[in-house]
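The values are calculated or read from the model by the stated rules, or taken from the named source; none is laboratory data. Quick caveat, the model's predicted, so the values are computed rather than measured. FYI the Cβ positions are ideal-geometry reconstructions off the backbone, even for glycines, and counts take in every protein chain you see. For accessibility, only protein heavy atoms count, side chains too; no ligands or nucleic acids. Shrake-Rupley method; radii C 1.70, N 1.55, O 1.52, S 1.80 Å.
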Amino acid sequence: MEKKELLVEAKNIVTTFPFDKGTRTKAVDGVSFELRRGEIVGLVGESGSGKSVTSMSILQLILPPGKVSGEVHVEGIEGNALDYGPESEQARAIRGGKIGMIFQEPMTSLNPILTVGYQISENIMTHLKVDKAEAKRQAIAMMEKVGIANPEIRYNQYPLEFSGGMRQRIMIAMVLAAKPEVLIADEATTALDVTTQAQILELIQRLTKEEDVSVIIVTHNLGLVARYADRIYVMYGGNIVESGDKYTLFENPSHPYTRGLLAAVPRLDDPKDRKLVPIEGMPPNPAEMPTYCKFYARCPFREDRCKEKLCDLRAEPEKDHYVRCYLTREEIEAKHRAMGEQSQAAAAKQISDEVCLEVDHLRMSFPLYRGMMKRKIGEVHAVQDVSFYVRTGETLGIVGESGCGKSTLAKCIMRALTPAEGKILYKGTDIAHMKEHDLKPIRSKITMIFQDPFSSLDPRQTAESIVGEPLKINHLVHSKAEYDARIDELFSLVGLNPAYRTRVPREFSGGQRQRLGIARALASNPDVIICDEPVSALDVSVQAQVINLLEDLQAKLHVTYLFIAHDLSVVKHISDRVMVMYLGRVMETAKAETLYENPLHPYTKALLSAVPISDPKVEAGRERIKLLGEVPSVLERPKGCPFCERCQYATDRCRAEVPTLRDHGDGQAVACFLYE
């Protein structure tokens with residue numbers, strides 16, 4: 001088949017930044033790639049691999065003292081685009097005009113004091129040279145095209161009046177309104193929950209066809225590129241280490257790094273007991289980048305020849321498949337067999353019949369005030385009639401979109417919030433309305449691991465004082481020697497070197513900071529640990545390390561987990577039972593295998609279908625269930641079933657009555673009139 005028209009061709013991009021004593025570090029080292037019309041290309045790799053710096057280099061967004069060299073040829077632009085100054089007319093014509101970029105966090109790209117309509121119109125007037133009235137008309141039309149309801153009204157609203165998913169739609173509208181030919185999505189869906197992520201990427205995929213736009217997806221999520229990309233470039237240490245058609249790359253991964261990424265990712269179709277295989281070690285420091293293979297220090301198949309010099313990209317037997325490695329696929333397979341089977345079973349654990357924690361008809365409301373006198377005008381019902389139990393040594397996964405009440409429920413159990421109604425029974429004792437003085441001994445038995453390890457750790461404290469604080473507060477040690485021994489034990493337990501105890505949080509990597517948070521949660525010998533999105537901010541390999549650690553600790557310490565997440569692949573992997581929440585209510589509960597093999601509630605089915613699987617062949621045969629609209633505001637929740645406005649099966653009864661959670665056999669219960 002004849003190749004499509006070439007839109008962007010990058011040749012030998014090198015991006016450097018100043019380092020110590022006049023030396024410079026290479027964040028991107030000789031990257032070359034191409035993008036053709038109507039194509040979606042994935043740029044994949046861990047944090048620090050050079051993906052974002054590469055995309056910013058193309059757009060000349062690297063400002064001094066950073067330097068970019070190489071060639072970028074853009075269709076319709078004469079010569080090498082990097083020869084034009086960053087502030088030249090040609091560079092501005094490329095940025096936004098020829099190539100648009102969507103960044104990871106829309107609120108850092110949108111001006112909070114300007115209306116979204118003004119910001120979209122401004123981009124149109126700058127690049128399309130039309131008057132204000134025509135720019136407004138085009139902006140409203142584009143807002144409607146990206147799925148924003150009532151665009152004439154919302155044109156005059158501010159970014160803070162939109163949800164995270166809607167803000168990302170605004171960014172897409174702003175970029176596409178200038179009619180670019182290329183769209184770069186730099187981790188554009190990382191901060192979004194699974195259904196919103198799917199909606200945004202499907203929107204980009206649809207607009208690619210309608211607007212004849214080519215796309216570069218920058219991500220560390222292999223499932224996303226398996227579902228949406230046509231070709232993939234894998235980056236590591238500032239180099240392209242492998243590239244090819246997505247079917248070829250996933251079926252025949254040739255570079256050890258690509259193989260490592262695939263082994264570290266939990267999948268919906270994985271066996272429940274598969275142990276993830278993380279890539280050991282950390283990506284190289286750009287200031288100390290080796291001149292030979294960048295992956296050498298972490299590669300399980302390395303040989304002496306790999307240290308001679310950096311290998312060039314070489315062609316594999318499959319068409320347009322290239323890899324940067326001295327070892328052939330056959331040599332790697334032989335070494336893999338000699339090392340033994342890597343796909344091990346997860347650590348065996350024992351689940352007791354004893355109920356460790358039980359929540360009974362819990363409700364949590366927040367008052368709503370208006371005016372200078374703060375007159376109460378109503379209540380926001382964040383958690384409504386939630387009941388569940390979890391046994392000692394068991395993991396209960398709690399899933400749902402943002403705003404469904406997961407974190408509020410966790411705060412109630414921790415007693416950071418006092419629930420309005422209901423019971424929280426810890427080993428038979430109701431702590432829901434217990435006085436603060438009586439709660440003190442309970443607090444050491446129910447602890448939490450937070451989503452962002454950096455913001456949850458005091459940057460001024462040493463690692464030792466962070467981990468040791470619960471020991472002192474709860475009087476769990478009685479001498480300095482006992483304290484030191486316990487600190488060393490906790491560090492070793494979570495895989496940290498006790499010699500790091502004098503370091504502060506900024507001196508640790510992201511995965512090490514999360515291990516520090518886990519050590520702090522374990523310090524008081526808790527019975528229950530609430531894991532609130534503990535791996536969502538981590539790379540796939542670090543995520544695998546933390547998940548394996550949590551499983552090993554549970555098998556060893558017999559601790560109970562409440563695991564809150566929106567990544568259902570991770571939840572399935574680590575959980576024994578799963579509870580699905582929506583708008584503060586429980587929609588379905590079941591054993592993990594049962595829920596994934598036979599989901600009953602329409603919301604559960606939609607959540608599962610939105611999760612991409614890192615295998616293009618499997619993805620091609622999956623049905624995608626699309627939800628109607630977004631999660632309603634808790635101020636405007638439906639009178640009947642909370643899901644009725646987004647459900648394709650909703651009836652008049654669903655809109656008038658709230659279904660109760662009914663047993664469906666084998667530990668599965670569902671709140672849906674379809675199963676009465």
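Taking the options ARG520, ARG515, name whichever one is among the charged types (D, E, K, R), open to solvent by less than 60 Å² (accessible area, probe 1.4 Å) and modelled with pLDDT of 90 or more.
When all the criteria are applied, what remains is ARG520.
Quickly run through segment 561-576 and pick out the residues that are surrounded by 23 or more Cβ atoms within 10 Å (Cβ to Cβ) and closer than 21 Å to ILE351 by Cβ.
Those that are surrounded by 23 or more Cβ atoms within 10 Å (Cβ to Cβ) and closer than 21 Å to ILE351 by Cβ: TYR561, LEU562, PHE563, ILE564, ALA565, VAL570, VAL571, LYS572, HIS573, ILE574, SER575.
Restricting the search to segment 481-511, which residues are in a helix (DSSP H, G or I) and crowded, with 22+ Cβ neighbours inside 10 Å?
Of everything in segment 481-511, those that are in a helix (DSSP H, G or I) and crowded, with 22+ Cβ neighbours inside 10 Å turn out to be LEU490, GLY511.
I need the full set of residues from segment 426-450 which are surrounded by fewer than 11 Cβ atoms within 10 Å (Cβ to Cβ) and among the small types (Gly, Ala, Ser), in order please.
GLY428
Within segment 600-636, track down each residue that is under 21 Å from the mean Cα position of the chain (by Cα), outside any loop (DSSP other than H, G, I, E, B) and under 18 Å from GLY400 (Cβ atoms).
TYR603, THR604, LYS605, ALA606, LEU607, LEU608, SER609, ALA610
For segment 107-130, which positions are in a helix (DSSP H, G or I), within 13 Å of ARG154 (Cβ to Cβ) and touching a Phe, Trp or Tyr at 6+ places or on another chain (Cβ under 9 Å)?
If the condition is that a residue be in a helix (DSSP H, G or I), within 13 Å of ARG154 (Cβ to Cβ) and touching a Phe, Trp or Tyr at 6+ places or on another chain (Cβ under 9 Å), then VAL116, GLY117, TYR118, ILE120 are the ones that fit.
Going by the structure shown, is THR219 within 22 Å of PRO266 (Cβ to Cβ), of a type in the set (Ser, Thr, Tyr) and either more than 20 Å from the chain's Cα centre (by Cα) or open to solvent by 10 Å² or more (accessible area, probe 1.4 Å) (or both)?
Judged against the criteria, THR219 is not a match.
Given (1) under 29 Å from LYS617 (Cβ atoms); (2) in contact (Cβ under 8 Å) with a residue 24 or more places away in the chain; (3) not hydrophobic (A, V, I, L, M, F, W, C), where does LYS145 come up short, assuming only one miss?
Just one mismatch for LYS145, condition (1).
Please find, within segment 452-480, the residue that is modelled with the lowest pLDDT out of those that are outside any helix (DSSP H, G or I) and surrounded by 19 or more Cβ atoms within 10 Å (Cβ to Cβ).
The residue in question is PRO453.
Just one of THR408, THR429, THR447 is closer than 30 Å to ILE279 by Cβ and modelled with pLDDT of 90 or more; which is it?
THR447
With the requirement that a residue be in a loop (DSSP other than H, G, I, E, B) and open to solvent by less than 10 Å² (accessible area, probe 1.4 Å), what does segment 406-424 give you?
Within segment 406-424, PRO419 is the sole residue that qualifies.
Keeping to segment 643-667, report how many residues are of a type outside the set (Gly, Ala, Ser), closer than 30 Å to ARG227 by Cα and either in contact with a Pro (Cβ under 7 Å, 6 or more places away or on another chain) or part of a loop (DSSP other than H, G, I, E, B) (or both).
Count: 6.
Yes or no: segment 335-346 includes at least one residue that is at pLDDT below 90, hydrophobic (A, V, I, L, M, F, W, C) and over 28 Å from the mean Cα position of the chain (by Cα).
yes
So the check is Cβ under 9 Å with 6+ separation or different chains; which pairs have a first residue in segment 95-110 that's touching a residue at least 60 places away in the same chain (Cβ under 8 Å) and open to solvent by 10 Å² or more (accessible area, probe 1.4 Å) and a second one that's assigned to a loop (DSSP other than H, G, I, E, B) and of a type in the set (Ser, Thr, Tyr)?
Here the result reads GLN104/THR189; GLN104/THR190; GLU105/THR190, each pair linking segment 95-110 to a residue that is assigned to a loop (DSSP other than H, G, I, E, B) and of a type in the set (Ser, Thr, Tyr).
Filter segment 131-142 down to residues that are at pLDDT 90 or above and either open to solvent by less than 70 Å² (accessible area, probe 1.4 Å) or among the aliphatic types (A, V, I, L, M) (or both), then give me how many there are.
Result for segment 131-142: 7.
How many of the residues making up segment 176-187 are open to solvent by 10 Å² or more (accessible area, probe 1.4 Å) and among the hydrophobic types (A, V, I, L, M, F, W, C)?
Final tally of qualifying residues: 0.
If the Cβ limit is 7 Å and pairs must be 6+ apart or interchain, which residue in segment 496-510 that is touching a residue at least 40 places away in the same chain (Cβ under 8 Å) pairs with which residue that is among the aromatic types (Phe, Trp, Tyr)?
If the second residue must be among the aromatic types (Phe, Trp, Tyr), the pairs left are PRO505/PHE454.
Considering segment 163-173 alone, what residues qualify as being open to solvent by 10 Å² or more (accessible area, probe 1.4 Å) and either among the aromatic types (Phe, Trp, Tyr) or more than 23 Å from LYS51 (Cα to Cα) (or both)?
Matches in segment 163-173: SER163, GLY164, MET166, ARG167.
Mind listing whichever residues of segment 653-676 are in contact with a helix residue (DSSP H, G or I) (Cβ under 9 Å, 6 or more places away or on another chain), open to solvent by less than 70 Å² (accessible area, probe 1.4 Å) and over 18 Å from TYR596 (Cβ atoms)?
Across segment 653-676, the qualifying residues are CYS654, PRO659, PHE673.
In segment 43-54, is there at least one residue being in contact with a strand residue (DSSP E or B) (Cβ under 7 Å, 6 or more places away or on another chain), part of a strand (DSSP E or B) and closer than 16 Å to LEU183 by Cβ?
Looking for residues that are in contact with a strand residue (DSSP E or B) (Cβ under 7 Å, 6 or more places away or on another chain), part of a strand (DSSP E or B) and closer than 16 Å to LEU183 by Cβ, one finds at least one in segment 43-54, hence yes.
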